[in-house]
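Report on the structure given below.
The values are calculated or read from the model by the stated rules, or taken from the named source; none is laboratory data. Keep in mind that this is a model prediction, so the values were computed, not measured. Here the Cβ positions follow ideal geometry from the backbone for every residue, glycine too, while neighbour counts run over all protein chains shown.
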Amino acid sequence: MNKVVIVGRLTKDPELKFAQGTGTAVATFTVAVNRRFKREGQPDADFIPVVVFGKQAEATANYMSKGKLLSVSGNIQTRNYEAKDGNRRYVTEVIADEVDFLEWGGKPGSKPAENKETNIEDVTPIEDGEIPF
(Lines give C-alpha, C1' and ligand atoms only; values in the text may rest on other atoms or scores of the structure.)
Protein backbone atom coordinates (compact mmCIF):
# COMPACT_ATOMS: atom_id res chain seq x y z
CA MET A 1 0.00 0.00 0.00
CA ASN A 2 1.35 3.43 -0.95
CA LYS A 3 -0.26 6.06 1.31
CA VAL A 4 1.28 9.13 2.90
CA VAL A 5 -0.11 11.87 5.16
CA ILE A 6 1.97 14.93 6.01
CA VAL A 7 1.28 18.06 8.00
CA GLY A 8 3.55 21.04 7.58
CA ARG A 9 4.03 24.59 6.35
CA LEU A 10 4.45 25.87 2.82
CA THR A 11 8.02 26.97 2.06
CA LYS A 12 6.80 29.38 -0.66
CA ASP A 13 3.60 30.24 -2.50
CA PRO A 14 2.21 27.34 -4.60
CA GLU A 15 2.99 27.52 -8.31
CA LEU A 16 -0.06 27.04 -10.56
CA LYS A 17 0.23 25.88 -14.18
CA PHE A 18 -2.17 24.38 -16.69
CA ALA A 19 -1.40 21.18 -18.61
CA GLN A 20 -1.10 21.60 -22.36
CA GLY A 21 -3.93 20.04 -24.31
CA THR A 22 -6.21 19.18 -21.39
CA GLY A 23 -6.00 22.50 -19.54
CA THR A 24 -5.96 20.67 -16.18
CA ALA A 25 -4.72 22.82 -13.30
CA VAL A 26 -1.49 21.60 -11.69
CA ALA A 27 -0.13 23.14 -8.48
CA THR A 28 3.32 22.35 -7.15
CA PHE A 29 4.66 23.31 -3.76
CA THR A 30 6.99 22.17 -1.01
CA VAL A 31 5.90 21.38 2.54
CA ALA A 32 8.34 21.70 5.46
CA VAL A 33 7.60 18.90 7.92
CA ASN A 34 9.21 19.12 11.36
CA ARG A 35 11.12 16.12 12.53
CA ARG A 36 10.02 14.61 15.81
CA PHE A 37 13.54 13.98 17.12
CA LYS A 38 16.59 16.16 16.52
CA ARG A 39 20.08 14.81 16.04
CA GLU A 40 23.23 16.84 16.22
CA GLY A 41 24.24 18.18 12.82
CA GLN A 42 20.93 17.13 11.23
CA PRO A 43 18.24 19.51 9.90
CA ASP A 44 15.12 20.02 11.98
CA ALA A 45 12.70 19.54 9.07
CA ASP A 46 12.23 17.58 5.87
CA PHE A 47 11.15 19.38 2.71
CA ILE A 48 8.61 17.34 0.76
CA PRO A 49 7.65 18.28 -2.84
CA VAL A 50 3.91 17.95 -3.55
CA VAL A 51 1.85 17.97 -6.77
CA VAL A 52 -1.94 18.41 -6.80
CA PHE A 53 -4.33 18.49 -9.77
CA GLY A 54 -7.69 19.99 -10.73
CA LYS A 55 -9.90 22.17 -8.54
CA GLN A 56 -7.82 21.40 -5.46
CA ALA A 57 -4.77 22.77 -7.29
CA GLU A 58 -6.59 26.01 -8.07
CA ALA A 59 -7.91 26.38 -4.50
CA THR A 60 -4.49 25.69 -3.01
CA ALA A 61 -2.83 28.26 -5.27
CA ASN A 62 -5.55 30.86 -4.59
CA TYR A 63 -5.95 30.49 -0.82
CA MET A 64 -2.62 29.24 0.54
CA SER A 65 0.63 31.17 0.82
CA LYS A 66 4.12 30.81 2.24
CA GLY A 67 4.12 29.81 5.90
CA LYS A 68 0.52 28.53 6.04
CA LEU A 69 -0.14 25.18 7.72
CA LEU A 70 -1.76 22.41 5.68
CA SER A 71 -2.14 18.66 5.54
CA VAL A 72 -1.68 16.56 2.45
CA SER A 73 -2.70 12.95 1.86
CA GLY A 74 -1.79 11.01 -1.24
CA ASN A 75 0.88 8.65 -2.49
CA ILE A 76 4.60 8.79 -3.10
CA GLN A 77 5.68 8.66 -6.72
CA THR A 78 9.13 8.51 -8.27
CA ARG A 79 9.99 9.53 -11.81
CA ASN A 80 13.04 10.39 -13.84
CA TYR A 81 13.83 12.49 -16.87
CA GLU A 82 16.77 13.62 -18.95
CA ALA A 83 17.84 17.17 -18.12
CA LYS A 84 19.01 19.73 -20.68
CA ASP A 85 22.62 19.00 -19.72
CA GLY A 86 22.12 15.33 -20.71
CA ASN A 87 22.15 13.93 -17.16
CA ARG A 88 19.33 11.78 -15.82
CA ARG A 89 17.42 13.39 -12.92
CA TYR A 90 15.38 11.45 -10.36
CA VAL A 91 12.42 12.99 -8.54
CA THR A 92 10.43 11.70 -5.57
CA GLU A 93 7.23 13.62 -4.74
CA VAL A 94 3.82 13.27 -3.12
CA ILE A 95 0.89 13.17 -5.56
CA ALA A 96 -1.91 14.61 -3.44
CA ASP A 97 -5.40 13.13 -3.35
CA GLU A 98 -6.52 15.63 -0.70
CA VAL A 99 -5.20 18.95 0.60
CA ASP A 100 -6.70 20.36 3.82
CA PHE A 101 -6.11 23.99 4.77
CA LEU A 102 -5.30 24.09 8.48
CA GLU A 103 -4.56 27.83 8.43
CA TRP A 104 -6.63 30.06 6.20
CA GLY A 105 -5.72 33.31 4.63
CA GLY A 106 -5.38 34.84 1.23
CA LYS A 107 -2.07 35.71 -0.29
CA PRO A 108 -0.32 38.82 0.98
CA GLY A 109 -1.82 41.95 -0.56
CA SER A 110 -5.18 40.35 -1.28
CA LYS A 111 -8.32 42.07 0.01
CA PRO A 112 -9.93 40.56 3.11
CA ALA A 113 -13.48 39.28 2.79
CA GLU A 114 -16.13 41.86 3.55
CA ASN A 115 -17.98 41.45 6.83
CA LYS A 116 -21.65 40.81 6.22
CA GLU A 117 -23.92 42.25 8.85
CA THR A 118 -27.24 40.65 9.69
CA ASN A 119 -30.15 42.98 9.19
CA ILE A 120 -31.95 43.09 12.54
CA GLU A 121 -35.28 43.69 10.77
CA ASP A 122 -35.03 40.23 9.15
CA VAL A 123 -34.90 38.46 12.55
CA THR A 124 -38.21 37.26 14.04
CA PRO A 125 -38.25 37.59 17.85
CA ILE A 126 -39.69 34.71 19.88
CA GLU A 127 -40.86 34.48 23.45
CA ASP A 128 -39.02 32.14 25.83
CA GLY A 129 -42.29 30.31 26.50
CA GLU A 130 -42.42 29.16 22.87
CA ILE A 131 -39.11 27.24 23.06
CA PRO A 132 -39.85 23.48 23.39
CA PHE A 133 -36.73 22.62 25.44
- Message: If I ask for residues that are out of contact with any Ser or Thr (no Cβ under 7 Å at 6 or more places or on another chain), part of a strand (DSSP E or B) and of a type in the set (G, A, S), which ones from region 7-56 would you list?
- Response: G8, A25, A45
- With the checklist (1) touching a Ser or Thr at 6+ places or on another chain (Cβ under 7 Å); (2) of a type outside the set (F, W, Y); (3) within 19 Å of V7 (Cβ to Cβ); (4) at pLDDT below 90 in hand, flag the one item K107 doesn't pass. (3)
- Considering every residue within region 24-35, establish whether at least one is more than 10 Å from the chain's Cα centre (by Cα) and at pLDDT below 90. yes
- Item | Count of residues meeting criterion [of a type in the set (A, V, I, L, M, F, W, C), more than 20 Å from T24 (Cα to Cα) and not in a strand (DSSP E or B)] in region 57-72 | 0
- V5: surrounded by 13 or more Cβ atoms within 10 Å (Cβ to Cβ) and either of a type outside the set (S, T, Y) or under 19 Å from S73 (Cα atoms) (or both), yes or no? no
- Out of curiosity, is N75 in contact (Cβ under 8 Å) with a residue 12 or more places away in the chain, part of a strand (DSSP E or B) and either of a type in the set (G, A, S) or more than 19 Å from K17 (Cα to Cα) (or both)? yes
- Being in a strand (DSSP E or B) and in contact with a Leu (Cβ under 8 Å, 6 or more places away or on another chain) is the filter here, so list the residues in region 87-105 that pass it. V99, D100, F101
- Task: Search region 62-88 for residues being closer than 18 Å to E15 by Cβ and among the basic types (K, R), and hand back the single one that is surrounded by the most Cβ atoms within 10 Å (Cβ to Cβ).
- Result: K68
- Hey, R9 at negative phi and free of Cβ contacts under 8 Å to residues at least 24 places away in the same chain or not: no
